[in-house]
Amino acid sequence: QIHVIEAAPRIAPAEDEEAAIARKIEYALRNDQLKLVYQPIISLMGDSQENYSVLLRLFDEDENLLEAKDFIGTAIRRGLIEELDKWTIRSAIEVIGQQRRAGHGLSLFITLSEDTLRNPNIVLWICDCLREFDVRGNWLTIQFQEDVVVGNLASISKLVETLRKIKCRVAINRFGATERPEMLLQALALDFVHIRPGLAQGLADDGAKQQRLLQLATLAREFNVKSVVTGVEDARALTVLWTAGVDYVQGNFLQRPSTTLEVQA
């Protein structure tokens, strides 16, 4: 019996915290307290396109800012993630429209959760948003996490075909964790792979990581897919990536996520 009494308090605070975060998410959705932040995807090959990854931030009722990592897990477990994804899609498409009308060649990358991918109407939602803000599909890149793709290959393959019909570009995130990444490149018509961030950390001093990165970048090129390395944290890593023939890089060392688009005029 004592055992039960000991265990209970340890469970409760986590549940309380989860419920509190879920309330913050619901509050933010109702009161328009969500914010997009952008991190540039920088070309190592001199490509002039303005590509940005879109990340989500949330203000709670006390105006505290929460980063995605603080609330996405809860959003998934509490069934709120699809609403967040839809808000992100629509807001990002609206921003693309504004920037394009101002003459900036902006493209945004959005990662969708497994719940959203399973929604048979998600492409219709994207279409409606594109139409609403007069935005072309190829200014938007939809990303899936590699582990989600591996578990849902048949359905995601259909989804990719449909996204292609509306001209959206498609990417896989955290690429290179599976045993045979070439299978994903064979199965899906992709535009980009974002190589998992762990490979960029300590890269300059790690021969095995350099080897793996070179393999993945070369593999992507064989399938005519552009490679992006995220999580780049130092200048020495950049040299390695450039030598390996990586197409794009992203990381806090280059530029931290920002609420404003640092668009080059």
Would you mind listing the strands (runs of 3 or more DSSP E) fully within the stretch 1-111 where at least 2 residues are under 25 Å from V193 (Cα atoms) and modelled with pLDDT of 90 or more? 34-43, 50-59, 106-111
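Per-residue answers, yes or no, for (1) among the basic types (K, R); (2) surrounded by fewer than 21 Cβ atoms within 10 Å (Cβ to Cβ); (3) within 18 Å of K165 (Cα to Cα):
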site	(1), (2), (3)
I89	no, no, yes
A92	no, no, no
I96	no, no, no
A102	no, yes, no
D115	no, yes, no
N119	no, yes, yes
C129	no, yes, yes
T141	no, no, yes
When you check I81 against the structure, is it among the β-branched types (V, I, T) and open to solvent by 50 Å² or more (accessible area, probe 1.4 Å), yes or no? no
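Condition first: under 24 Å from V54 (Cβ atoms) and either modelled with pLDDT of 95 or more or in contact with a helix residue (DSSP H, G or I) (Cβ under 8 Å, 6 or more places away or on another chain) (or both). Can you find one or more residues in the stretch 202-211 that meet it?
Scanning the stretch 202-211 turns up no residue that is under 24 Å from V54 (Cβ atoms) and either modelled with pLDDT of 95 or more or in contact with a helix residue (DSSP H, G or I) (Cβ under 8 Å, 6 or more places away or on another chain) (or both).
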Is one or more of the residues making up the stretch 183-192 in contact with a Pro (Cβ under 8 Å, 6 or more places away or on another chain) and within 17 Å of W242 (Cα to Cα)? no
Taking interchain pairs and intrachain pairs at least six residues apart, which have beta carbon atoms under 9 angstrom, with the first residue in the stretch 27-49 and free of Cβ contacts under 8 Å to residues at least 40 places away in the same chain and within 16 Å of T74 (Cβ to Cβ) and the second among the charged types (D, E, K, R) and buried (at least 16 other Cβ atoms within 10 Å of the Cβ)? Y27/D60; A28/D60; Q33/K24; Q33/D60
Could you check the stretch 43-52 and list, in sequence order, the residues that are farther than 15 Å from Q99 by Cα and open to solvent by less than 60 Å² (accessible area, probe 1.4 Å)? S43, L44, D47
Give just the number: which of (1) without any contact (Cβ under 8 Å) to a residue 60 or more places away in the chain; (2) touching a strand residue (DSSP E or B) at 6+ places or on another chain (Cβ under 8 Å); (3) in a loop (DSSP other than H, G, I, E, B) does D134 not satisfy? (2)
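The values are calculated or read from the model by the stated rules, or taken from the named source; none is laboratory data. The shown structure was predicted, so the numbers you read here are calculated from the model rather than taken from an experiment. For neighbour counting, all protein chains shown are included, and Cβ atoms are generated from backbone atoms with ideal geometry for every residue, glycine included. All accessible areas refer to the heavy atoms of the entire protein, side chains included, with ligands and DNA or RNA removed. Shrake-Rupley method; radii C 1.70, N 1.55, O 1.52, S 1.80 Å.
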